[in-house]
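**Student:** Have a look at this one before I ask anything.
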Amino acid sequence: MAGRHSRTRRNLSPAGIAATAAVGVALAVGGTVGAVHLTSGTTDSAPVAIDLTPTTAASTPAPSTPAATPSLSASPSASASPSATRSPQAASRAKARTAAPKPSATRTTPKPTVVDSGSCGASFYSDGQLTANGENFNPDALTAAHKTLPFDTKVRVTNPENGKSVTVRINDRGPFIDGRCLDLSRAAFASIASLDVGALTVRYEVLG
């Protein structure tokens, strides 16, 4: 009949069904093995990725105590210094001290003794010349001339009218006028009287 087709009905035998099932099993097993093989090959050939990003724990170093810190025990011990304790004798410094006696700054000279005394006339001279003991006469020095007293004898001459006195040293001989026993230098005579007087009676004391 035109326009119609007939369906061919295929009747499979039990042997055909078994063969078809075997082929399906084989295809299933082969596909699984191939898939396993492909998966293992991909795993072996793929490069292993290494994460080089530093972790937070590695970027923050833990504080560590420096081992090179010098120990305090290395400093010299204070017990090695000399002891600061004072000896028992130092306590005597607190005691009151008595001032040592100071030597006297002024020396007391013994008063000369009078070996002879009297009264006589005295004059003065002022001419420049050599004295009897060989010195150059100095009218400004406290010297005098006597007839017999040893040279360098000290004689204290006093004017009784005014109480002035002067001590002279004998270095010459004279005077050679009666009634006079001393001839004073101009300076010695001026210390007890006026030069205008020229001569006067004095009291003398020979000092030993």
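**Student:** Rounded to the nearest percent, how much of the accessible area of the stretch 131-187 (1.4 Å probe, protein heavy atoms only) is carbon and sulfur? Each step should come with its number before you reach the end.
**Tutor:** Values: 1360 of 2950 Å².
Ligands and nucleic acids excluded, carbon and sulfur give 46 percent.
**Student:** What is the set of long-range amide H partners of Phe124 at a cut-off below 5 Å, with H atoms built 1.01 Å from backbone N?
**Tutor:** Amide H to amide H, under 5 Å and 5 or more residues apart or across chains, Phe124 pairs with Leu184.
**Student:** With every protein chain present, what is the per residue accessible area of the stretch 110-187 (1.4 Å probe, Å²)?
**Tutor:** The answer is 56 Å² per residue.
**Student:** Looking at the stretch 167-208, what % of the alpha carbon pairs are farther apart than 13 Å? Kindly include the intermediate steps, with their values, before the conclusion.
**Tutor:** Values: 495 of 861 pairs.
Taking all Cα-Cα pairs of the stretch 167-208, the fraction more than 13 Å apart is 57 percent.
**Student:** Modelled label-to-label distance, Asp178 and Thr108, 7 Å Cα→beta-carbon offset: nm?
**Tutor:** Label at Asp178, label at Thr108, 4.9 nm between them.
**Student:** Enumerate the amide H contacts of Thr153 below 5 Å, restricted to partners 5 or more residues apart or on another chain; note that Pro and chain-start residues carry no placed amide H.
**Tutor:** Ile170
The values are calculated or read from the model by the stated rules, or taken from the named source; none is laboratory data. Please read all numbers here as calculations on a predicted model, not as lab measurements. Positions of Cβ are backbone-derived with ideal geometry, glycine not excepted, and every protein chain shown enters the neighbour counts. SASA here: full protein model, heavy atoms, side chains in, ligands and nucleic acids out. Shrake-Rupley method; radii C 1.70, N 1.55, O 1.52, S 1.80 Å.
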